[in-house]
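Asker: What follows is a structure written as structure tokens; I'll ask about it next.
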Amino acid sequence: AGGTVTIRFLDVGQGDAILIRSPEGKTALIDGGRSAERLSDQLEKYGVTRLDLMIASHADADHIAGLVPAAALKPRLFINNGLGGTTQTWERLVRALQGVDATFTKASNQTVNLGSVKLRVIAPPPGMPDDQNLNSVGLAVQFGEFRALLTGDSETEETEGWLAQERADLRGPFQVYKSIHHGASNGDNAAWLANVRPENVVISVGQNSYGHPTAQTLRLYRQTGARVYRTDRHGTVTFEGRADGTYTAETER
């Protein structure tokens, strides 16, 4: 395939929002941060007028609040973990998506073709407690030899479940990897990162009182030899991946 796949880790403050555009111009939005205004500004900045796919890794506010206005871009398909949220934000998102006739689908390890880009949806492993973080939906992006991995706010118990499945779609190396849970101490761990083998780690994070990213997690990333980007310091981080596995990285600041 020719052209490039674009993956933007949008600067939306403390939260996740990742925009993927295929060489054919097909678009997917994974999470939307906690600020509807910031997410809307980012989508306008990058000229997004239509969404083909929307994924909520889980139903926490810092991942879905921005998806509510983004529903106006009429995504044809909405994928989530199947655990309904209990907040008014979740209810607003459901109403907004129903209003544009989006198809609701539970993550089930399906593959979605975004033009020539393959998106492998990674369902939570079986046996997880009814906790949103522990049921985060992952996504493995593949365009030829270029690969990226996004895993929401998964915690150690979920990554251990995925490792036990010995899944090829979770085995590195990955050119691009999104830090689990904004760099929290209960997310990424040495065994998981040894499996993922990331070349670049992006931490979607803003000003927060949680201590994200933790010094322990940053030390883990350094030990892998990966380059580390942070949206609180670098702004939106953009990767342009080519089918031969080469890529470029660009930051706002």
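Asker: Order these peptides, 236-242, 60-66, 34-40, by their mean beta-carbon neighbour count within 10 angstrom, highest first.
Answerer: Peptide ranking by packing, descending: 60-66, 236-242, 34-40.
Asker: Could you order peptides 147-154, 158-165, 180-187 by the average number of other Cβ atoms within 10 Å of their residues, highest first?
Answerer: 147-154, 180-187, 158-165
Asker: Among Leu83, Gly33, Ala72, whose Cα sits farthest toward the positive end of the charge dipole of segment 32-103 (+1 at Cβ of Lys/Arg, -1 at Cβ of Asp/Glu, about the Cα centre)?
Answerer: Ala72
Asker: Carbon-plus-sulfur fraction of the accessible area of segment 26-170, 1.4 Å probe, in percent?
Answerer: Carbon plus sulfur share of accessible area: 45 percent.
Asker: Nearest 0.05, what FRET efficiency do Ala168 and Tyr46 give at R0 = 25 Å with Cβ-Cβ as r?
Answerer: Taking R0 as 25 Å, the efficiency between Ala168 and Tyr46 is 0.20.
Asker: Consider the candidate values (i) 21; (ii) 32; (iii) 14; state which one is percent of Cα pairs over 31 Å apart computed from the structure displayed.
Answerer: So the structure-derived entry is (iii).
Asker: Residue separation times 0.36 nm, minus the C-alpha to C-alpha distance between Arg233 and Gln110: what's the value?
Answerer: Full-extension gain reported as 40.8 nm.
Asker: To make sure I understand the rule: partners must be aspartates and glutamates, Cα under 20 Å from the Cα of Lys45, and not fewer than 8 residues away in the same chain. Which ones qualify?
Answerer: Partners within reach: Asp11, Asp16, Glu24, Asp31, Glu37, Asp232, Glu240, Glu250, Glu252.
Asker: Over the chain, give the accessible area per residue in Å² for a 1.4 Å probe, as an integer.
Answerer: Per residue, the chain has an accessible area of 41 Å².
Asker: With r defined as the distance between the Cβ atoms of Asn208 and Thr86 and R0 fixed at 30 Å, what FRET efficiency is calculated, to the nearest 0.05?
Answerer: It comes to 0.85.
Asker: What aspartates and glutamates could a cross-link reach from Lys118, if we take a straight Cα to Cα line under 12 Å and drop same-chain neighbours fewer than 8 places away?
Answerer: List returned: Glu145, Asp169.
Asker: So for the chain: antiparallel DSSP bridges make up what percent, rounded to the nearest 5?
Answerer: Working: 33 of 52 bridges.
Bridges in the chain that DSSP calls antiparallel: roughly 65 percent.
Asker: Pull out the extension gain between Ala61 and Gln216, defined as 0.36 nm times the separation in residues minus the alpha carbon to alpha carbon distance; nm, one decimal.
Answerer: Fully extending the segment from Ala61 to Gln216 adds 53.3 nm.
The values are calculated or read from the model by the stated rules, or taken from the named source; none is laboratory data. Remember, it's a predicted structure, so these values are computed and weren't measured experimentally. Don't worry about glycine lacking a Cβ; one is built from the backbone with ideal geometry, like all the others, and counts go over all protein chains shown. Just so you know, the surface numbers come from the protein's heavy atoms only, side chains and all, with ligands and any DNA or RNA stripped out. Shrake-Rupley method; radii C 1.70, N 1.55, O 1.52, S 1.80 Å.
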